[in-house]
């Protein structure tokens, strides 16, 4: 039997039917305040989401707004969240509701170093170049 995901006692279908104001009443105060205060950036992102849902729901929505709180109307949409260098793709699942977009895209990555080059270290100073 598959597990049914609930958020504060509501299923994903019930959450998808809620408006932004109704959803903001059931999240924590920090998220509720962010939804109210982000303003213009949030409105532009919400307009782009609505446009994408009507035209092509599989299209990736690119954004720099990492502090945007994930809303139920965004379920199953693809977002390209900017990490400072590239746009990392994420798909919104019910478990992500109420979190920020930036929480799922890290800005720092693991650094991979290779071996030092010729004459890059003290010991290799006396090696022949040819």
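The values are calculated or read from the model by the stated rules, or taken from the named source; none is laboratory data. Remember, predicted model here, so these are calculated numbers, not experimental data. Here the Cβ positions follow ideal geometry from the backbone for every residue, glycine too, while neighbour counts run over all protein chains shown.
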In this structure, does residue 105 turn out to be free of Cβ contacts under 8 Å to residues at least 40 places away in the same chain and surrounded by 11 or more Cβ atoms within 10 Å (Cβ to Cβ)?
yes
When you look at residue 118, is it closer than 27 Å to residue 11 by Cα and free of Cβ contacts under 8 Å to residues at least 40 places away in the same chain, yes or no?
no
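Take segment 88-102 and flag every residue that is in a strand (DSSP E or B) and either without any contact (Cβ under 8 Å) to a residue 24 or more places away in the chain or surrounded by 15 or more Cβ atoms within 10 Å (Cβ to Cβ) (or both).
Going through segment 88-102, the residues in a strand (DSSP E or B) turn out to be 88-91, 100.
Those that are in a strand (DSSP E or B) and either without any contact (Cβ under 8 Å) to a residue 24 or more places away in the chain or surrounded by 15 or more Cβ atoms within 10 Å (Cβ to Cβ) (or both): 88, 90, 91, 100.
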Subset of segment 7-48, residues within 20 Å of residue 91 (Cβ to Cβ) and at pLDDT below 90, comes to 7, 11, 12, 13, 15, 16, 23, 45, 46
Note on segment 79-102: residues within 21 Å of residue 20 (Cα to Cα) and modelled with pLDDT under 95 are 92, 93, 94, 95, 96, 97, 98, 99, 100, 101, 102
Conditions (1) surrounded by 14 or more Cβ atoms within 10 Å (Cβ to Cβ); (2) out of contact with any strand residue (DSSP E or B) (no Cβ under 6 Å at 6 or more places or on another chain); (3) at pLDDT 90 or above; number of the one not met by residue 73:
(3)
